[in-house]
Amino acid sequence: MVIQTLLRTKYLSSKCLSQVHIRPGDSHFWKGLLKVREDFLGCGTFKINDGSQTRFWEETWVDTKPLNDQFPNLYNIVHYPHDTLANVIHQTPLNVSFRRALVGDKLIAWHNLVAKISGQQLSNGRDTFTWNLHRHNHFIVQSMYEFLINQCTLFRNKFIWKLKILLKIKIFIWYLQRGVILTKDNLAKRNWT
């Protein structure tokens, strides 16, 4: 709900959510919200038009992962990691500079990256963001919540079953983590108190 409201505000209408940065005088609420931004943007894909709202390295616009995840060796040595797609693609060769010379594996990775994006063309209009966690591609808070919960659950479940404790204690912890045990907060949710 909060992210939906932010997407409609005047502040974000001129800038894309990905281009907003934390400033020293910002409120704690705003800083906390911007910390969740990467998780939010990781659950969607940008459809490219003019490329001005999409970061070249840090957002998903080609394939299913951002280029910084696909080519981490290049991302670590790039001069401008937050550059927009429009700034990079507007000329040939690509407007990307690195802090070191590209040799060996890095040069091969660069050629692979250029081949991957060679068919991309910019057009008129703003870039659009598509939410991948809902069948109608609309942002719904429940889908984001379930994604974040499930992301942590897999790690916790593996960790619980590897503990060197009695099986009945493992099962109790597993039930507790899933919210099955009738603790005081679960009883309150079910109006049994």
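Summary of computed values
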| read-out | value |
| --- | --- |
| Per-region count, region 57-103, residues of a type in the set (Ser, Thr, Tyr) and either touching a Ser or Thr at 6+ places or on another chain (Cβ under 7 Å) or surrounded by 13 or more Cβ atoms within 10 Å (Cβ to Cβ) (or both) | 4 |
| Members of region 88-120 found to be of a type in the set (A, V, I, L, M, F, W, C) and assigned to a loop (DSSP other than H, G, I, E, B), listed by number | Leu94, Val96, Ala101, Leu102, Val103 |
| Some residue of region 172-193 being outside any helix (DSSP H, G or I), open to solvent by 100 Å² or more (accessible area, probe 1.4 Å) and at pLDDT 80 or above | no |
| Members of region 68-87 found to be more than 23 Å from Gly125 (Cα to Cα) and assigned to a helix (DSSP H, G or I), listed by number | Asn68, Asp69, Gln70, Pro72, Asn73, Leu74, Tyr75 |
| Whichever residue in region 126-151 is of a type in the set (S, T, N, Q) and modelled with pLDDT of 80 or more and, among such residues, is surrounded by the fewest Cβ atoms within 10 Å (Cβ to Cβ) | Gln142 |
| Qualifying residue in region 32-41 (condition: of a type outside the set (Gly, Ala, Ser) and open to solvent by 70 Å² or more (accessible area, probe 1.4 Å)) | yes |
| Test for Ser123: is it surrounded by 13 or more Cβ atoms within 10 Å (Cβ to Cβ) and hydroxyl-bearing (Ser, Thr, Tyr) | no |
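The values are calculated or read from the model by the stated rules, or taken from the named source; none is laboratory data. Every value quoted in this text rests on a predicted model; they were computed, and no experiment measured them. Cβ sites come from the backbone with ideal geometry, for glycine too, and all protein chains shown count toward neighbours. Note: areas computed on protein heavy atoms with side chains; ligands, DNA, RNA excluded. Shrake-Rupley method; radii C 1.70, N 1.55, O 1.52, S 1.80 Å.
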